[in-house]
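Asker: Structure below; questions to follow.
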Amino acid sequence: MKVALVSFNSVWESKDASLEDFKVYVQKAALNGANCIIFPEMTLTGFSMNSEKLAEPFNDSVTIKEYQKLAVKYKIKLIAGVILREGGNIYNCCVVVSEYGDILEIYKKIHPFSYSGEEKFYAAGSDLKQVNFVGGWGITICYDLRFPELYQALAVDNNVIVNIASWPERRDDHWQSLLKARAIENQVYMIGVNRSGIDGNDLHYAGNSIIYSATGSLLEAVIKEDDMKIFDLDVDAVEVYRKSFPVKSDRRIDLYSTWLNKSGNVKK
């Protein structure tokens, strides 16, 4: 499977301007034979706390409709960020669209980034999400990467886990280290897609969209063009590796759960 990662530099809080650049990357990915293209968190707006202005209806999102049109036009699977409103709440979301334009899943970010005050503007999701791409793919967003329990859960049924992010350059070493750790400890392909450029809050982003294999090795892109990299994924290799080195069969989930549920060991 050929997967395109775009370290997209969105135009701050301007969906229309960002969409024009977005379309160019989708076309380029398709022309280069990619089966799937992945963009960073809050793709067309940047990581903005202006949620009231930027949110779209969950069941009638103009942005998602544009994603669907492009997926169908270029016959490519598409994973990207969007801000959605549902039931009085606003969520930081990741939508997965098939090459036929079907909305396969919408993931609401489970862990808002409290360090930046994200939880004041976005509600926390409560459901894990995965899609039935080859090998199974789990979906996560940015700050989720710091919570390994989420990845252990997703790795049960998935050989690939995606994280779309707006991860600042000053913590780029954390970005790379955590992606690699999640790949090794869960024996999965770990795909990290991070934005580039400078946002409206003067935060700098290194891009650094990368993939680690189940063994923890950094994959080399087969094609590099501007802020886009295309990789070949041998998803079957994950099962082969898991059988040769069956780490998961030694997990003691019963003990972990008992300890975490003890008073004082888990945040209430």
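Asker: Determine if segment 124-134 includes at least one residue that is more than 22 Å from residue 251 (Cα to Cα), in contact with a helix residue (DSSP H, G or I) (Cβ under 8 Å, 6 or more places away or on another chain) and part of a loop (DSSP other than H, G, I, E, B).
Answerer: no
Asker: Let me ask something else about it. If we keep just the residues of segment 20-47 that are in a loop (DSSP other than H, G, I, E, B), out of contact with any Lys or Arg (no Cβ under 6 Å at 6 or more places or on another chain) and of a type in the set (A, V, I, L, M, F, W, C), which is nearest to residue 226 (Cα to Cα)?
Answerer: 39
Asker: Do any residues in segment 93-104 that are under 17 Å from residue 134 (Cα atoms) have Cβ atoms under 9 Å from those of residues that are part of a loop (DSSP other than H, G, I, E, B) and polar (S, T, N, Q), where the two are at least six apart or on different chains, and which pairs are they?
Answerer: Close Cβ pairs satisfying both conditions: 99/35; 104/98; 104/132.
Asker: Answer yes or no as to whether residue 39 is modelled with pLDDT of 95 or more, more than 20 Å from residue 117 (Cβ to Cβ) and either in contact with a helix residue (DSSP H, G or I) (Cβ under 9 Å, 6 or more places away or on another chain) or surrounded by fewer than 24 Cβ atoms within 10 Å (Cβ to Cβ) (or both).
Answerer: yes
Asker: Can you tell me which residue is surrounded by the fewest Cβ atoms within 10 Å (Cβ to Cβ) among those in segment 169-207 that are under 12 Å from residue 40 (Cβ atoms) and not hydrophobic (A, V, I, L, M, F, W, C)?
Answerer: So, considering only residues that are under 12 Å from residue 40 (Cβ atoms) and not hydrophobic (A, V, I, L, M, F, W, C), the one surrounded by the fewest Cβ atoms within 10 Å (Cβ to Cβ) is 197.
Asker: For a quick check of your reading: which helices (runs of 4 or more DSSP H) sit entirely within segment 143-261 and have at least 1 residues that are among the small types (Gly, Ala, Ser) and at pLDDT 95 or above?
Answerer: Ranges flagged: 148-155, 172-186, 236-244.
So that you can scan it fast, the table gives a plain yes or no per residue for (1) buried (at least 19 other Cβ atoms within 10 Å of the Cβ); (2) touching an Asp or Glu at 6+ places or on another chain (Cβ under 8 Å):
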{"residue": "119", "(1), (2)": "no, no"}
{"residue": "133", "(1), (2)": "yes, no"}
{"residue": "152", "(1), (2)": "no, yes"}
{"residue": "159", "(1), (2)": "yes, yes"}
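Asker: In segment 207-221, what count of residues is obtained for those that are free of Cβ contacts under 8 Å to residues at least 40 places away in the same chain and either over 15 Å from residue 38 (Cβ atoms) or under 16 Å from the mean Cα position of the chain (by Cα) (or both)?
Answerer: Residues flagged as free of Cβ contacts under 8 Å to residues at least 40 places away in the same chain and either over 15 Å from residue 38 (Cβ atoms) or under 16 Å from the mean Cα position of the chain (by Cα) (or both) within segment 207-221 amount to 7.
Asker: Considering only segment 97-128, state which residues are over 15 Å from the mean Cα position of the chain (by Cα), small (Gly, Ala, Ser) and within 22 Å of residue 153 (Cβ to Cβ).
Answerer: 114, 123, 124, 126, listed by residue number.
Asker: Could you say whether any residue in segment 84-103 is among the aromatic types (Phe, Trp, Tyr), crowded, with 19+ Cβ neighbours inside 10 Å and in contact with a Phe, Trp or Tyr (Cβ under 8 Å, 6 or more places away or on another chain)?
Answerer: Yes.
Asker: Select, from 45, 63, the only residue that is crowded, with 24+ Cβ neighbours inside 10 Å, touching a strand residue (DSSP E or B) at 6+ places or on another chain (Cβ under 7 Å), at pLDDT 95 or above and among the polar types (S, T, N, Q).
Answerer: The conditions single out 45.
Asker: Separate question: Among the candidates 99, 86, single out the residue that is farther than 19 Å from residue 136 by Cβ and acidic (Asp, Glu).
Answerer: The match here is 86.
Asker: Going by the structure shown, is residue 107 in a helix (DSSP H, G or I) and among the hydroxyl-bearing types (Ser, Thr, Tyr)?
Answerer: When the stated conditions are applied, residue 107 does not pass them.
Asker: Moving on to the next point. Take the residues in segment 67-83 that are charged (D, E, K, R) and surrounded by fewer than 18 Cβ atoms within 10 Å (Cβ to Cβ), then tell me which one is farthest from residue 20 (Cα to Cα).
Answerer: The extreme case among them is 75.
Asker: Kindly list, by first and then second residue, each pair from a residue in segment 239-252 that is farther than 20 Å from residue 136 by Cα to a residue that is part of a helix (DSSP H, G or I) and not aromatic (Phe, Trp, Tyr), limited to pairs with Cβ atoms under 9 Å and residues at least 6 apart or on different chains.
Answerer: Matching pairs, first to second residue: 251/152.
The values are calculated or read from the model by the stated rules, or taken from the named source; none is laboratory data. Source: prediction; values computed, not measured. Quick reminder, even Gly has a Cβ in these numbers, built from the backbone with ideal geometry, and neighbours come from all protein chains shown.
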